[in-house]
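Novice: Supplied in structure tokens, the structure appears directly below.
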Amino acid sequence: MDSDFERLIAEADAAPVTGWNFAWLDGRAREQRPSWGYQRQQAARLATARAALDIQTGGGEVLAEAATFPPTMVATESWPPNLAQATRLLHPRGVVVVADPDEPPLPFADTAFDLVTSRHPATVWWSEIARVLEPGGTYFAQHVGPASVFELVEYFLGPQPAARRERDPDTEAAAARAAGLEIVQARPERLRMEFDDIGAVVYFLRKVIWMVPGFTVAGYRDRLGDLHRQIAEHGPFVAHSARTLFEARKPV
């Protein structure tokens, strides 16, 4: 394999992947952003809330962009490196960061919050969201949609027909209704992504670990080499992410 390939994969394999900031990819990968501006809308809702919970906050980067927090602001996270980063970032702003395994039950009392938010939750426990929301409270979130970045997933894993059906917005909306919530909006979009070099692919798969479970450079070296040559000959690798804007309300 050529020296450029070796350099790119070594660089990406050594890059830190803690937190949920993708600045390392600046200039070497791009993703079209959803039209609705989740962070801006989340911040506006936080500014008028009384007590809010951000589920699976990652490293706290998205939540920290809000200019104003409600009097009670709590965030949960399960992965220890992200938990430590979120604590460092959010504690000085008065946010209580709670270690939570992302499994029921949420460690909060019934009707504790008038707003629950989440950006790209790995799991969604609708009955728990409904339980901790007060009557009239809102769940506002951006979910990963079905078959997101599956051009890349299936390049490494082959066809994944069952997985393509997961995270369907209609299925998720039905589950929310079954938990007693009213759907205000469930708005899907598919968005173009481009990876300019093999290092960008390696970094992305190391950071978003559920895309290709167990991914390592050593384990997929031959396939990475093929993709490196494909990008060199034909230009950026193109994939499409899927996002759904969810807003649900607990009846009064």
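Novice: What ³J(HN,Hα) values, in whole Hz, does the Karplus curve 6.51 cos²θ - 1.76 cosθ + 1.60 give for segment 108-124 when θ = phi - 60°, with x put for Gly and Pro?
Specialist: 9, 6, 4, 6, 7, 10, 9, 9, 10, 10, 6, 10, 6, x, 6, 9, 10
Novice: Next question, about the same structure. If R0 is 45 Å, what FRET efficiency do you get for Gln160 and Trp36 from their C-beta distance, rounded to 0.05?
Specialist: My answer for the efficiency is 0.95.
Novice: Here's a follow-up. Once every Cα of the chain carries one equal point scatterer and solvent is ignored, give the base-10 log of I(q)/I(0) from the Debye formula at q = 0.16, 0.17 Å⁻¹, two decimals.
Specialist: -1.20, -1.31
Novice: Label points 7 Å out from Cα along the Cβ direction at Asp102 and Asp196: separation in nm?
Specialist: Output for this residue pair reads 3.0 nm.
Novice: How many percent of DSSP beta bridges within segment 3-249 run antiparallel, rounded to 5?
Specialist: The answer is about 60 percent antiparallel.
Novice: Go ahead and set up a Gaussian network model of the chain, Cα springs under 10 Å, then flag whichever of Gln32, Gln42, Gln85 fluctuates most.
Specialist: Its mean-square fluctuation being the largest, the pick is Gln32.
Novice: Would you mind pulling out the separation of the Cα centroids of segment 179-208 and segment 42-59, in Å?
Specialist: Here the answer is 21 Å between Cα centres.
Novice: Next question. Quick one: grab Rg to one decimal and Dmax as a whole number for segment 39-87, Cα atoms only, in Å.
Specialist: 10.6, 31
Novice: Further question: Which residue, Tyr220, Tyr139, Tyr38, has the most motion in a Gaussian network model of the chain that connects Cα atoms within less than 10 Å?
Specialist: Among Tyr220, Tyr139, Tyr38, the largest GNM mean-square fluctuation belongs to Tyr220.
Novice: Additional query: Quick check: pseudo-label points 7 Å beyond the Cα along Cα→Cβ at Thr111 and Ala67, how many nm apart are they?
Specialist: 3.3
Novice: Okay, next question. Quick one: among Asp197, Asp26, Asp13, which has the greatest mean-square fluctuation in a GNM of the chain with alpha-carbon springs under 10 angstrom?
Specialist: Asp26
Novice: For Asp168 and Arg223, what does the FRET efficiency come to when R0 = 30 Å and r is the distance between their Cβ atoms, rounded to the nearest 0.05?
Specialist: Here the calculated transfer efficiency is 0.60.
Novice: Now for a separate question. At what distance in nm do the modelled label points of Asp13 and Ala84 sit from each other, each positioned 7 Å from its Cα along Cα→Cβ?
Specialist: The answer from the label model is 2.4 nm.
Novice: Above 17 angstrom, tally the Cα pairs of segment 133-177 and express them as a % of all pairs, no decimals.
Specialist: Value for segment 133-177 (Cα pairs over 17 Å): 47 percent.
Novice: Also, quick follow-up: At what distance in angstrom do the alpha carbon centres of segment 87-148 and segment 224-252 lie from each other?
Specialist: Answer, in whole Å: 24.
Novice: Still on this structure, please answer the following. Each residue of segment 239-245 in turn: what ³J(HN,Hα) in whole Hz from Karplus with 6.51, -1.76, 1.60 and θ = phi - 60°, glycine and Pro shown as x?
Specialist: 9, 9, 7, 10, 9, 10, 8
Novice: Separate question: Work out how much length Thr123 to Glu189 would gain on full extension: take 0.36 nm times their residue separation and subtract the Cα-Cα distance, in nm to one decimal. Walk me through the intermediate numbers first.
Specialist: On the way: separation 66, 0.36 × 66 = 23.76 nm, distance 1.95 nm.
Extra length from Thr123 to Glu189 when fully extended: 21.8 nm.
Novice: Given charges of +1 on the Cβ of Lys and Arg and -1 on the Cβ of Asp and Glu, with all other atoms neutral, how large is the dipole of segment 3-249 about its Cα centre, in debye to the nearest 20?
Specialist: Roughly 400 debye, rounded to the nearest 20.
Novice: Could you tell me the convex hull volume per residue, in Å³, taken over the Cα atoms of segment 46-162?
Specialist: Each residue corresponds to 122 Å³ of Cα convex hull volume.
Throughout, read-outs are computed from the coordinates displayed, never taken from laboratory work. In this text the structure is predicted, and so the values were computed from the model without any measurement. All Cβ positions, even for glycine, are placed from backbone atoms using ideal geometry, and neighbour counts span all protein chains on display.
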